[in-house]
Structure formats: C-alpha cells, structure tokens
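Derivation of every value follows stated rules applied to the coordinates shown; laboratory data play no part. This is a predicted model, so every value here is computed, not measured. Here Cβ is always computed from backbone atoms with ideal geometry, including for glycine, and neighbour counts include all displayed protein chains.
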Amino acid sequence: MEIGLKMKELRELRKLNLKQLAELVECTPSLLSQIERGKADPSISMLKKIARALNVNIVDFFMTDFTHGDIVTRSQDRVVMQLKRWDAKIHSLVKSVVNKKMQPFYTVIKPGGGSHGMYSHDGEEFGFVVKGELELMLDDKIYKVHTNESFYFSSQIPHDWGNKGKEDVIVIWVITPPTF
C-alpha cells in the first residue's frame with residue numbers, strides 16, 4: 001500500500017478531514033491532499049508531524065496489517081519504508097512496535113540518499129554501519145561513520161543523515177522509544 005493511501009485510511013479512521021489534520025500538522029490541506037494522492041513525497045519531519053497528529057508511528061504508514069506479538073520477523077515479513085525523496089529503503093526488523101521500547105531497522109541508503117533535512121524527536125538512537133560511510137549531522141557538526149563503526153546520540157538534537165559516497169550504505173539502526 002502506498003504511503004498516501006495509508007495516511008488517508010488512518011486520517012479517516014480518526015474521523016479527521018484534510019483541513020482538521022492540516023491544522024494539527026501546521027501545513028496546508030493542499031499539501032496533505034498531494035501526499036495522499038501520491039503527488040508529493042513528505043520529508044521525515046513532515047511524516048513525524050503527521051504521525052504524531054494521527055497518534056501513530058511513521059512505520060504505520062507502510063504496514064498492511066497490525067499483527068502484534070511476533071517474536072521472529074522473517075525477511076519476507078519485514079515492513080519496508082521507502083520514499084523517492086529519501087533514496088533509501090528502511091526495513092523494520094519487527095512487525096509491530098506496540099508495547100516495545102525500541103525500534104530496530106535495517107537501512108540501505110543509495111548514493112545521494114538520506115533524510116534531506118534536519119529533524120528531532122524524543123529518545124535516543126544507536127546505529128552500526130555494516131557497509132559504506134554514513135554522514136551524520138548533529139546540529140552543525142558532521143560525523144563520518146565508516147564500516148564497522150557505530151554511533152549513539154540523543155534524538156532531541158536536530159539531526160540529518162545521508163550517503164555522500166558512491167556505494168550503498170547499510171546501517172543497523174535502533175531508536176528508542178519507537179517514534180518512526
């Protein structure tokens with residue numbers, strides 16, 4: 001299911017019209033309409049605002065069902081989050097974050113891909129770079145994290161991430177509490 005259709009489904013489930021959601025998110029109803037129709041790709045910070053207003057996590061926009069209680073998540077059962085704007089595939093390593101204290105991801109970032117904008121939220125983040133070089137910006141400081149290196153930071157610090165290299169970057173990424 002496309003992100004826009006899922007967003008519309010969740011909005012309607014909460015009995016909100018576009019104008020009401022736009023007021024909660026502090027954007028125009030037109031932008032939300034474009035996202036719902038697949039005509040615009042939201043930034044991560046915009047997705048976070050929409051998710052917060054709908055009382056869900058970003059991963060919920062990509063899920064087809066809300067199965068809870070799974071211990072093992074097989075590779076074919078992973079929820080994959082992907083937007084053209086990111087040029088990254090974010091695989092949730094758990095099917096559901098309900099009643100969980102952390103949210104792990106297997107993230108593949110294409111050359112030139114990334115969050116493309118600073119954002120922040122409650123919690124902390126940990127990552128381990130499996131392959132490539134991740135560029136991580138915290139406030140105004142840039143960190144280059146290479147293969148077999150890790151990072152850990154407060155998610156309240158405005159941050160941005162990306163791949164400035166010529167090969168895919170693969171990161172095992174964990175955020176707590178689950179907000180993505």
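At a glance:
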| quantity | calculated |
| --- | --- |
| Trypsin sites (Lys or Arg not before Pro) within the stretch 77-112, DSSP loop, no more than 10 other Cβ atoms inside 10 Å | K84, K101 |
| Shape of the stretch 3-56, Cα gyration tensor, a/c cut at 1.5 | rounded |
| Set of lysines with alpha-carbon distance to K144 below 17 Å, sequence-local pairs under 8 removed | K110, K131, K164, K166 |
| In nm, spacing of pseudo-spin labels at H91 and K164 (7 Å Cα→C-beta vector) | 2.8 nm |
| Mean separation of Cα contacts under 8 Å, 6 or more apart, over the residue count of the stretch 21-180: relative contact order % | 23 percent |
| Gaussian network model of the chain, springs between alpha carbon atoms under 10 Å - residue of V130, V72, V145 with greatest fluctuation | V72 |
| Modelled FRET efficiency - R0 35 Å, S33 with V80, Cβ distances, 0.05 increments | 0.90 |
| Neighbour count of at most 15 Cβ within 10 Å plus DSSP loop: longest GluC sites (Glu not before Pro)-free window in the chain | 27-148 |
| DSSP-assigned coil residues among trypsin sites (Lys or Arg not before Pro) in the stretch 34-64, each with at most 15 further Cβ atoms within 10 Å | R37, K39 |
| Sum of -39500 (n - 2.57) over DSSP H runs of 4+, divided by residues of the chain (222 nm, nearest 500) | -6000 deg cm²/dmol |
| Distance from the stretch 1-29 to the stretch 67-141 (C-alpha centre basis), Å | 23 Å |
| Prolate/oblate/rounded call for the stretch 95-177, Cα gyration tensor, a/c under 1.5 rounded | oblate |
| Backbone N under 11 Å from the T176 label point (7 Å along Cα→Cβ), restricted to the stretch 117-144 | 124-126 |
| Percent RCO, i.e. relative contact order, over the stretch 3-56, from Cα pairs under 8 Å lying at least 6 residues apart | 41 percent |
| Of (i) 24.4, 99; (ii) 20.9, 64; (iii) 16.0, 47, the label for Rg and Dmax of the Cα atoms in Å derived from the coordinates | (iii) |
| Helical segments meeting 18 Å axial Cα length and Kyte-Doolittle -1.0 threshold in the chain (DSSP H) | none |
| Dipole moment magnitude, nearest 20 debye, the chain about Cα centre, only Lys, Arg, Asp, Glu C-beta charged | 440 debye |
